[in-house]
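*Asks:* Handing you this structure, nothing more for now.
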There are 2 protein chains.
Amino acid sequence: MVQGIYEDIAGTLRSHGLQVTSQRILIYDYLIHTREHPSAQQVFEDVFESLPGISKATVYNTLEVLSNHGLIQKININSGVTRYDGDTSVHSHLICTHCHRIIDYFDDSFLGLRVPENLWNGFEVKRTCVIFYGVCDSCREELAAQAKEKRKARKDCVVPFKRDLKQVDAWLTVKTKG
Amino acid sequence: MVQGIYEDIAGTLRSHGLQVTSQRILIYDYLIHTREHPSAQQVFEDVFESLPGISKATVYNTLEVLSNHGLIQKININSGVTRYDGDTSVHSHLICTHCHRIIDYFDDSFLGLRVPENLWNGFEVKRTCVIFYGVCDSCREELAAQAKEKRKARKDCVVPFKRDLKQVDAWLTVKTKG
DNA sequence: CTCTAATTTTAGAATGATTATAAGATATCA
DNA sequence: TGATATCTTATAATCATTCTAAAATTAGAG
């Protein structure tokens, strides 16, 4: 059968109660096979080559659906753009803060971290995420060294902090009067 | 001296080569003392009460400057909004995927994870981030259980994946012809 | 203390990712 | 094959964040 190569993906979608559409198959298939942790825009552009006319809204909808069903994984980095990973197996990510490249990292010593006790302070852990921010090989020489380690202990403060206005006013007055 | 309570913060700013302004002092002071991991919008609203007229652009500028100097920390969660943490000590975060609350979590057993060997595949690690996504105590009962664990091994694929167009066309033809 | 240059703040516009909408197309199932 | 629920689409709308250029402020020299 010609469509045999997509039968497994179609079956996976059905097993999650999702309708099978060519858009979903191609997006999921794409994410499973790429290692580039693409953004929605990248998914759109690459899948568009296989399925011209696909809408960006469909890409967002599908990514959301697949993510909600645990078939893919969202990755949030310091760039304002969500990235997607078709590999839901246990692994960490090295994220380059310069070029925003995301590299898969597998290390058995982190496995213990992955499945912690399920309830902490009444919080039920669903997924553990280990991210190493840094600079990748190809970016290192481009970057100026600005590593400064500053650790300031936080004062004990349980309630939402609100500075006493009189103190602030007094200080501002001192600083701003001519 | 009236402004004594801000002298330490002013000194910290100066030691990082930053000019001392009332905006920076109040924002940094606010972040050090709150435990709410606020967004830029929340910082703006709360600091606005102490310093009416402060601009949102200043809040963003200041948060960026403080973050770049390691005085505060950005937290990226699955909500499209960056959160900020004035506590730069070693700790993890529990993030509720429902209400987006962020809870500090301290556990010595993760300390080993925090300072890994510095070079992996040429990648230089600057910061390690452990996040536990889940559902907080007050949100658990509101949520429908949709935990499905699906693990699909990724096929070995080194180059950026591109599906053969003829196969896709053939399949799409089968699926779409009347 | 005063002056000057460099830096910072500001308001508002611009950007860009993501989400909402409602109409049309498609998948599913009897 | 037909009915119905679901999905896709184009477009508009939203909203966090960044950009811009002018006004205000800081820091340091005199």
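*Asks:* Every other copy gets compared here: list the nm distances from the B:Ser79 label point (7 Å along Cα to Cβ) to its counterparts, shortest first, one decimal.
*Replies:* Here the equivalent label points are 2.3 nm apart from this one.
*Asks:* Could you give the length gained by full extension between A:Ser89 and A:Asp107, i.e. 0.36 nm per residue of separation minus their alpha carbon distance, to one decimal place? Mind showing how you got there, number by number?
*Replies:* Working: separation 18, 0.36 × 18 = 6.48 nm, distance 1.21 nm.
So the chain would gain 5.3 nm between A:Ser89 and A:Asp107.
*Asks:* Between B:Cys99 and A:His100, how high is the FRET efficiency from 1/(1 + (r/R0)^6) when r is the Cβ-Cβ distance and R₀ = 25 Å? Nearest 0.05.
*Replies:* Numbers: r = 28 Å, r/R0 = 1.13.
Efficiency for this residue pair is about 0.30.
*Asks:* Compute the FRET efficiency between B:Asn78 and B:Thr21 as 1/(1 + (r/R0)^6), taking r as their Cβ-Cβ distance and R0 = 41 Å, and round to the nearest 0.05. Don't skip to the answer; put the middle values down first.
*Replies:* On the way: r = 34 Å, r/R0 = 0.82.
After rounding to 0.05, the efficiency reads 0.75.
*Asks:* Enter the accessible area per residue of region B:1-86 (Å², integer; probe 1.4 Å; all protein chains in place).
*Replies:* On the way: 3540 Å² over 86 residues.
Solvent-accessible surface per residue comes out at 41 Å².
*Asks:* Here's another thing I want to ask about it. Just want to confirm a number: the relative contact order over region B:1-86, from Cα pairs under 8 angstrom separated by 6+ residues, in percent. Can you show the working numbers first?
*Replies:* Numbers: 83 pairs, mean separation 25.0, N = 86.
Reported relative contact order: 29 percent.
*Asks:* Ignoring ligands, DNA and RNA, please state the percent of accessible area on region A:1-96 from carbon and sulfur, probe 1.4 Å.
*Replies:* Details: 1750 of 3700 Å².
Carbon-and-sulfur percentage of accessible area, whole number: 47.
*Asks:* Along the axis that rotates chain A into chain B, which residue of chain A has the nearest beta-carbon, and what is the gap in whole Å?
*Replies:* A:Asn76, 2
*Asks:* If each label sits 7 angstrom from Cα along the C-beta direction, how far apart, in nm, is A:Asn61 from its counterparts in the other copies?
*Replies:* Here the equivalent label points are 4.3 nm apart from this one.
*Asks:* Let me ask another. How many percent of all Cα-Cα pairs in region A:1-85 sit more than 17 Å apart? Walk me through the numbers before you get to the answer.
*Replies:* Numbers: 1566 of 3570 pairs.
Cα-Cα pairs in region A:1-85 separated by more than 17 Å: 44 percent.
*Asks:* What's the buried accessible area, both sides, between B and A using a 1.4 Å probe, rounded to 100 Å²?
*Replies:* Values: alone 13200 and 13230 Å², together 18270 Å².
Adding both sides of the contact gives about 8200 Å².
*Asks:* Given R₀ = 35 Å, what would the calculated FRET efficiency be for A:Leu51 paired with A:Arg127, taking r from the Cβ atoms and rounding to 0.05? It would help to have the intermediate numbers written out before the result.
*Replies:* Values: r = 30 Å, r/R0 = 0.87.
My answer for the efficiency is 0.70.
*Asks:* In nm to one decimal, list the spacings between the B:Arg140 label point and its equivalents in the other copies, with label points set 7 Å along Cα to Cβ, shortest first.
*Replies:* Distances between equivalent label points, in nm: 4.5.
The values are calculated or read from the model by the stated rules, or taken from the named source; none is laboratory data. All figures in this text were calculated on a predicted structure; none of them were measured in a lab. Note that each Cβ is placed from the backbone with ideal geometry, even for glycine, and that neighbours are counted across all protein chains shown. Protein only, heavy atoms only, side chains kept; ligands, DNA and RNA dropped before computing areas. Shrake-Rupley method; radii C 1.70, N 1.55, O 1.52, S 1.80 Å.
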